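Data block below; observations after.
The values are calculated or read from the model by the stated rules, or taken from the named source; none is laboratory data. No experiment lies behind these values; they were computed from the predicted model shown. No Cβ is skipped: glycine too gets one built from the backbone with ideal geometry, and neighbour counts run over all protein chains shown. Just so you know, the surface numbers come from the protein's heavy atoms only, side chains and all, with ligands and any DNA or RNA stripped out. Shrake-Rupley method; radii C 1.70, N 1.55, O 1.52, S 1.80 Å.
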Amino acid sequence: MKLSLIPILLDLAGCAPVPHVVRIQAQNGNLVPNLATETNPDCGSISLGAERISYIIACKQGGKANLPRHSVRLDRQAGELAATRADSGKPLFNIRCSRAQFDQINAWQNAAPAQ
(Lines give C-alpha, C1' and ligand atoms only; values in the text may rest on other atoms or scores of the structure.)
Protein backbone atom coordinates (compact mmCIF):
# COMPACT_ATOMS: atom_id res chain seq x y z
CA MET A 1 0.00 0.00 0.00
CA LYS A 2 1.35 3.39 -1.01
CA LEU A 3 0.72 6.20 1.50
CA SER A 4 0.76 9.84 0.57
CA LEU A 5 2.48 12.24 2.96
CA ILE A 6 0.76 15.31 1.54
CA PRO A 7 -2.49 15.00 3.57
CA ILE A 8 -0.46 14.35 6.73
CA LEU A 9 1.75 17.38 6.11
CA LEU A 10 -1.27 19.57 5.43
CA ASP A 11 -2.86 18.43 8.70
CA LEU A 12 0.35 19.21 10.59
CA ALA A 13 0.64 22.63 8.94
CA GLY A 14 -2.85 23.49 10.16
CA CYS A 15 -1.72 22.78 13.73
CA ALA A 16 1.40 24.93 13.52
CA PRO A 17 1.44 27.99 15.78
CA VAL A 18 0.48 31.25 14.07
CA PRO A 19 3.34 33.77 14.00
CA HIS A 20 2.83 37.14 15.64
CA VAL A 21 4.67 40.45 15.82
CA VAL A 22 6.70 40.58 19.04
CA ARG A 23 8.73 43.73 18.44
CA ILE A 24 8.94 46.55 15.93
CA GLN A 25 12.22 48.39 15.65
CA ALA A 26 13.99 50.83 13.37
CA GLN A 27 16.99 49.22 11.73
CA ASN A 28 19.20 50.68 8.97
CA GLY A 29 16.47 53.14 7.97
CA ASN A 30 13.82 50.40 7.76
CA LEU A 31 10.90 49.51 10.02
CA VAL A 32 11.40 45.89 11.09
CA PRO A 33 8.65 43.84 12.76
CA ASN A 34 10.19 40.70 14.31
CA LEU A 35 8.10 37.53 14.46
CA ALA A 36 7.70 34.68 16.94
CA THR A 37 5.35 31.87 17.88
CA GLU A 38 4.59 30.36 21.26
CA THR A 39 7.19 27.67 20.54
CA ASN A 40 9.71 29.64 18.46
CA PRO A 41 10.91 33.01 19.82
CA ASP A 42 12.52 33.99 16.50
CA CYS A 43 10.75 32.78 13.39
CA GLY A 44 11.40 35.62 11.00
CA SER A 45 11.12 39.30 10.25
CA ILE A 46 9.65 41.76 7.80
CA SER A 47 11.83 44.64 6.63
CA LEU A 48 9.80 47.64 5.49
CA GLY A 49 12.10 49.93 3.52
CA ALA A 50 11.57 53.14 1.58
CA GLU A 51 11.69 51.27 -1.74
CA ARG A 52 11.27 47.58 -0.91
CA ILE A 53 9.50 45.19 1.44
CA SER A 54 11.38 42.01 2.19
CA TYR A 55 10.48 39.22 4.54
CA ILE A 56 11.66 35.88 5.77
CA ILE A 57 9.11 33.81 7.65
CA ALA A 58 10.31 30.46 8.95
CA CYS A 59 7.17 29.38 10.78
CA LYS A 60 3.72 28.13 9.68
CA GLN A 61 3.24 29.75 6.28
CA GLY A 62 6.94 30.03 5.58
CA GLY A 63 8.31 32.00 2.72
CA LYS A 64 10.54 34.83 1.71
CA ALA A 65 10.40 37.65 -0.80
CA ASN A 66 11.93 40.97 -1.73
CA LEU A 67 9.30 43.13 -3.46
CA PRO A 68 8.91 46.76 -4.52
CA ARG A 69 7.07 48.71 -1.80
CA HIS A 70 4.27 49.79 -4.15
CA SER A 71 3.51 46.17 -5.10
CA VAL A 72 2.44 45.10 -1.58
CA ARG A 73 -0.74 46.13 0.25
CA LEU A 74 -0.74 45.83 4.04
CA ASP A 75 -4.12 45.70 5.83
CA ARG A 76 -5.41 44.62 9.24
CA GLN A 77 -8.05 41.89 9.10
CA ALA A 78 -9.38 40.00 12.11
CA GLY A 79 -6.40 40.93 14.30
CA GLU A 80 -3.83 40.06 11.66
CA LEU A 81 -1.46 41.97 9.43
CA ALA A 82 -2.46 40.75 5.97
CA ALA A 83 -0.02 41.30 3.11
CA THR A 84 -1.32 40.91 -0.44
CA ARG A 85 -0.04 41.68 -3.92
CA ALA A 86 -1.46 45.09 -4.89
CA ASP A 87 -2.02 44.09 -8.52
CA SER A 88 -3.66 40.69 -8.09
CA GLY A 89 -4.81 40.53 -4.45
CA LYS A 90 -2.82 37.29 -4.05
CA PRO A 91 -2.13 36.67 -0.33
CA LEU A 92 1.52 36.78 0.70
CA PHE A 93 1.27 36.23 4.47
CA ASN A 94 -0.90 36.79 7.55
CA ILE A 95 0.70 37.58 10.90
CA ARG A 96 -1.10 38.31 14.17
CA CYS A 97 -0.55 41.85 15.40
CA SER A 98 -2.14 44.27 17.85
CA ARG A 99 -3.95 47.44 16.80
CA ALA A 100 -1.01 49.53 18.12
CA GLN A 101 1.48 47.47 16.10
CA PHE A 102 -0.62 47.79 12.97
CA ASP A 103 -0.98 51.54 13.50
CA GLN A 104 2.83 51.80 13.54
CA ILE A 105 3.10 49.77 10.32
CA ASN A 106 0.24 51.69 8.70
CA ALA A 107 1.87 55.04 9.51
CA TRP A 108 5.03 53.81 7.78
CA GLN A 109 3.03 52.53 4.81
CA ASN A 110 1.26 55.89 4.36
CA ALA A 111 4.43 57.97 4.70
CA ALA A 112 5.95 59.22 1.47
CA PRO A 113 9.01 57.19 0.43
CA ALA A 114 12.34 58.96 0.90
CA GLN A 115 13.65 60.48 -2.32
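Every residue in segment 67-112 that is of a type in the set (Lys, Arg) and either in a loop (DSSP other than H, G, I, E, B) or open to solvent by 40 Å² or more (accessible area, probe 1.4 Å) (or both), please. Full working, then the answer.
Going through segment 67-112, the residues of a type in the set (Lys, Arg) turn out to be 69, 73, 76, 85, 90, 96, 99.
Arg73, Arg76, Arg85, Lys90, Arg96, Arg99 - these are the residues of segment 67-112 that are of a type in the set (Lys, Arg) and either in a loop (DSSP other than H, G, I, E, B) or open to solvent by 40 Å² or more (accessible area, probe 1.4 Å) (or both).
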Would you point out the residue of segment 10-26, among those that are within 17 Å of the chain's Cα centre (by Cα) and open to solvent by 70 Å² or more (accessible area, probe 1.4 Å), that is modelled with the highest pLDDT? Arg23
Please go through (1) touching a Lys or Arg at 6+ places or on another chain (Cβ under 8 Å); (2) over 22 Å from Val18 (Cβ atoms); (3) of a type in the set (S, T, N, Q) for Asn30 and return the number of the only condition it doesn't satisfy. (1)
What are the residues in segment 29-66 that are loosely packed, with under 15 Cβ neighbours inside 10 Å, in contact with a Pro (Cβ under 7 Å, 6 or more places away or on another chain) and closer than 20 Å to Asp87 by Cα, if any? Ala50, Glu51
Among the numbered conditions (1) without any contact (Cβ under 8 Å) to a residue 60 or more places away in the chain; (2) within 15 Å of Val32 (Cα to Cα), tell me where Gly62 comes up short. (2)
If you go through segment 40-49 one residue at a time, do you hit one that is at pLDDT 90 or above, among the hydrophobic types (A, V, I, L, M, F, W, C), touching an Asp or Glu at 6+ places or on another chain (Cβ under 7 Å) and outside any loop (DSSP other than H, G, I, E, B)? no
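Which one of Lys60, Lys64 is outside any strand (DSSP E or B) and modelled with pLDDT under 95?
On the way: Lys64 fails: outside any strand (DSSP E or B).
Selected residue: Lys60, the only one of Lys60, Lys64 that is outside any strand (DSSP E or B) and modelled with pLDDT under 95.
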